[in-house]
Amino acid sequence: MRDISRRGFFRGSAAFGAGLALPSLAACSNAPAAAAIDSLHSLLPGRVVGRSDRDYTSFVTPWNLAWDKVRPKAAAIVRATSTDDVAATLRWAEKTGTPIVARSGGHSYAGYSTTPGVVIDVSRMSGVEFSPSTNVATLGGGARNINVSSELEKVGRTVTHGRCYQVGYAGLVLGGGIGFNVRRFGFACDQLLETTVVLASGEVVRAAPDENPDLLWAAKGGGGGNFGIHTSFVVQTYDAAPITVFDVVWKENVDEVTRWLLDFARNAPREFGAKITLRATPDPSGPARLSVGLLGQFVGTADETMALLDPAFALAEPDRSYGFLREASYWDGQKKVSDKGDPEWSAERSVFIDNSLGDDGLGVILDHMRNWPPHQGLAQWKAFVIGGAANDVRPDATAFVHRRSWLLAAVDVAWHGGDSESDIATSLRWLDEFHAALAQYGSGAYQNFLDPREKNWAQAYYGENFGRLVAVKQQYDPRNVFHNGQSIPLDVMAFVNSN
Ligand SMILES: Cc1cc2nc3c(=O)[nH]c(=O)nc-3n(C[C@H](O)[C@H](O)[C@H](O)COP(=O)(O)OP(=O)(O)OC[C@H]3O[C@@H](n4cnc5c(N)ncnc54)[C@H](O)[C@@H]3O)c2cc1C
């Protein structure tokens with residue numbers, strides 16, 4: 001858990017938004033008339049939260065507080081309780097010409113689950129039903145990681161899920177979905193068997209291999225907020241076998257420990273799932289001090305896990321004041337490695353790594369981390385170990401194209417609400433420089449780590465699958481009702497010419 005998620009007065013929106021194509025607040029002229037909102041209240045009594053309601057702020061505030069003062073605020077939020085509520089709201093939006101957007105967990109990095117019109121918040125649709133005869137689970141369109149965890153724990157099953165409890169499963173699965181199970185069972189989207197989608201017209205469709213297969217293909221990594229509002233997900237589950245969980249930090253011999261961890265990660269067994277994190281701590285007498293952490297799980301005993309990681313322990317004694325390595329039932333283990341995912345001010349940029357980083361790549365990473373221009377915030381280089389079963393799937397078999405990589409690397413800066421614009425701007429410059437240097441060793445970017453600083457996002461997120469996603473968009477959302485700063489466009493040529 002980061003320690004800088006305290007809220008405060010945000011003064012850095014100008015620095016944060018500088019140079020970005022942000023929606024203007026003038027877009028608020030799209031806000032619906034009061035009479036239209038009154039009619040929405042009559043249509044869905046008790047389910048509409050307006051600007052004067054006590055809970056309004058909690059339902060419109062984005063997880064990434066950096067966007068809170070930048071993105072438009074909704075005229076109202078519909079707290080949908082059923083597919084019918086979603087369909088009725090979409091029909092109302094079509095009739096009244098109101099912009100709408102879906103919101104599930106609200107954890108979009110780019111603050112995209114907002115609009116000057118009406119937010120359709122599906123988070124009350126959080127049920128999880130399990131069928132013991134088929135080992136398939138049906139998740140409500142608003143289920144969060146916490147709902148998935150607590151319900152699957154009861155039946156001893158698992159899926160690929162995230163580790164932050166408040167993240168919405170909808171956003172996670174629609175953009176791919178990485179978790180510690182990825183090397184065993186693939187990305188979350190690989191477990192998606194079918195989904196219910198409400199289209200802009202209010203029509204409810206089933207996307208499955210035998211019905212609207214293109215829409216199912218697009219739902220597997222094509223990104224949230226593009227084609228319709230998903231109100232349920234039917235997913236394959238797996239046996240939740242006991243694991244060893246670990247959270248180990250090294251403060252000594254960091255360069256060599258990091259080198260070993262990366263070499264190991266590249267060829268790790270499929271039972272191994274982890275994130276490697278380099279953190280910088282400012283040192284007034286010179287370059288920042290670094291620590292490297294390994295957080296994750298192994299399907300095996302503690303002795304087997306120790307044996308795997310022994311070379312790293314031989315390189316340096318881990319920090320004894322922090323961390324653990326212990327056997328646990330699957331879901332008890334998840335409680336050790338999960339966190340809530342509280343709101344924060346941050347920016348992150350990612351790149352997929354297909355080949356070895358080599359000495360050069362590792363040098364670039366360590367140098368940038370040591371030269372982080374320190375202020376009160378936080379800087380991390382995070383590397384999610386992927387590959388394994390996720391790479392058994394062809395890049396065009398689902399919309400999730402990134403199927404040749406063993407690592408997803410990301411640079412992350414976070415700051416406090418009261419930090420100065422110049423501190424934030426300095427951090428963001430460092431982020432861009434580091435990302436540009438890192439990008440030489442990889443390609444693409446993770447569509448779930450939405451990056452409004454990425455100009456070439458369509459190629460970076462979707463690669464060779466972008467054209468087919470545009471075709472799906474034309475078929476299922478021909479009026480482009482579902483759109484945001486990086487949504488799938490209707491016309492490739494117009495899109496290329498405007499970028
Ligand atoms: C703290 C934190 C931890 C994270 N951990 C992980 C992780 O472990 N693994 C990983 O892969 N990713 C992770 N992510 C990234 C996460 O998967 C994305 O940010 C995801 O989009 C969040 O989904 P959400 O439903 O919470 O967000 P929202 O902001 O509600 O939605 C994200 C996008 O999807 C759209 N959307 C939401 N619900 C629906 C719906 N029902 N139908 C159609 N569109 C919809 C929204 O309009 C928006 O465009 C993390 C993010 C955060 C902030």
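Enumerate the amide H contacts of THR115 below 5 Å, restricted to partners 5 or more residues apart or on another chain; note that Pro and chain-start residues carry no placed amide H.
ALA74
If I model a spin label at ASP214 and SER133 as a point 7 Å from the Cα along the Cα→Cβ vector, what separation in nanometres do I get?
Here the modelled spin labels are 3.5 nm apart.
What nm distance separates the two modelled labels at ASP359 and SER52, each placed 7 Å from Cα along Cα→Cβ?
Going by the 7 Å Cα→Cβ label model, 7.1 nm.
By how many nm would the segment from ASN480 to ASP432 grow when fully extended, if each residue of separation counts as 0.36 nm and the alpha-carbon distance is taken off?
Gain on stretching ASN480 to ASP432: 14.2 nm.
How much length is gained on full extension from ASP283 to ASP239, taking 0.36 nm per residue of separation minus their Cα-Cα distance?
Computed gain between ASP283 and ASP239 is 11.2 nm.
Which lysines does LYS220 reach when only Cα atoms under 19 Å apart count, and residues fewer than 8 places away in its own chain are ignored?
Result set, ordered by chain and number: LYS473.
Provide the FRET efficiency to the nearest 0.05 for the GLN440-ASN267 pair, computing r from the beta carbons and using R0 = 25 Å. Walk me through the numbers before you get to the answer.
Working: r = 23 Å, r/R0 = 0.91.
Working from the Cβ atoms, E equals 0.65.
Please list 3J(HN,Hα) in residue order for segment 359-375, calculated via the Karplus relation 6.51 cos²θ - 1.76 cosθ + 1.60 where θ = phi - 60°; whole Hz, with x for glycine and proline.
Along segment 359-375, the couplings run 5, 4, x, 4, x, 4, 5, 5, 4, 5, 4, 5, 9, 4, x, x, 9 Hz.
Go through segment 45-60 residue by residue and turn each phi into a ³J(HN,Hα) via Karplus (6.51, -1.76, 1.60, θ = phi - 60°); whole Hz please, and just put x for glycine and proline.
Taking θ as phi minus 60°, the curve returns x, x, 10, 10, 9, x, 4, 8, 7, 4, 8, 3, 4, 5, 8, 9 Hz for segment 45-60.
Taking the highest mean first, how do the peptides 308-315, 284-291, 258-265 order by number of other beta carbon atoms within 10 angstrom per residue?
Taking the mean over residues of other Cβ atoms within 10 Å, the ranking is 258-265, 308-315, 284-291.
How large is the accessible surface per residue of the chain, computed with a 1.4 Å probe and reported in Å² as a whole number? Please report the intermediate quantities before stating the final value.
On the way: 19360 Å² over 499 residues.
Here the per-residue accessible area is 39 Å².
Can you give me the Rg/Rh ratio for segment 128-239, using Cα atoms for both radii and the Kirkwood formula for Rh?
Across segment 128-239, the Cα-based Rg/Rh ratio is 0.94.
Would you work out the charge dipole size for the chain about its Cα centre, treating the Cβ of every Lys and Arg as +1 and the Cβ of every Asp and Glu as -1, and quote it to the nearest 20 debye?
For the chain, the charge dipole is close to 1020 debye.
On a C-alpha basis, how far is the centre of segment 437-491 from the centre of segment 220-259 in Å? Whole number, if you could?
21 Å
Can you list the HN-Hα couplings for segment 66-72, worked out from phi with the Karplus curve (6.51, -1.76, 1.60; θ = phi - 60°), rounded to whole Hz and with x for Gly and Pro?
4, 9, 4, 8, 9, 7, x
What order do you get for 135-141, 215-221 when each peptide is scored by the mean count of other beta carbon atoms within 10 Å, highest first?
In descending order of packing, they fall as 215-221, 135-141.
For ASN499 and ALA314, FRET efficiency with R0 = 60 Å and r from the beta-carbon atoms, rounded to 0.05? Intermediate results must be reported in sequence, preceding the final value.
Details: r = 50 Å, r/R0 = 0.84.
Efficiency, from the Cβ-Cβ distance: 0.75.
Checking the a/c ratio against 1.5 first, then a/b against b/c, what shape does the Cα gyration tensor give for segment 260-340?
Prolate shape, in that a/c is at least 1.5 and a/b is the bigger ratio.
Of the listed pairs LYS95/LYS455; LYS340/LYS382; LYS69/LYS95; LYS154/LYS340; LYS251/LYS455; LYS154/LYS335, which have alpha-carbon separations greater than 25 Å here?
LYS95/LYS455; LYS69/LYS95; LYS251/LYS455
Tally the DSSP beta bridges in the chain and give the antiparallel ones as a percent, rounded to 5. If you can, show how the numbers build up before the last one.
On the way: 72 of 82 bridges.
Around 90 percent of the beta bridges assigned by DSSP in the chain are antiparallel ones.
If the cut-off is 16 Å between C-alpha atoms, which aspartates and glutamates fall inside it for LYS336, apart from same-chain ones fewer than 8 positions away?
Result set, ordered by chain and number: GLU153, ASP247, GLU327.
Can you give me the distance in nm between label points at HIS41 and LYS335, each placed 7 Å from the Cα along the Cα-to-Cβ direction?
Calculated label separation equals 4.4 nm.
Using modelled amide H (1.01 Å from N, peptide plane; none on Pro or chain starts), what sits under 5 Å from the amide H of GLU194, excluding residues fewer than 5 places away?
Distant-sequence amide H within range of GLU194: VAL234.
Where the accessible area of segment 376-499 is counted over protein heavy atoms with a 1.4 Å probe, how much of it, in %, is carbon and sulfur?
Answer for segment 376-499: carbon and sulfur cover 49 percent of the accessible area.
Only helical DSSP H runs with n ≥ 4 go in: add -39500 (n - 2.57) per run for the chain, normalise by residue count and round the 222 nm mean residue ellipticity to 500 deg cm²/dmol.
-9000 deg cm²/dmol
The values are calculated or read from the model by the stated rules, or taken from the named source; none is laboratory data. All values reported here derive from a predicted model rather than from experimental measurement. Because the Cβ atoms are built from the backbone with ideal geometry, glycine has one as well, and the counts that use them run over all protein chains shown. The protein model used for the area step is the full one, side chains on, heavy atoms only, and it has no ligands, DNA or RNA in it. Shrake-Rupley method; radii C 1.70, N 1.55, O 1.52, S 1.80 Å.
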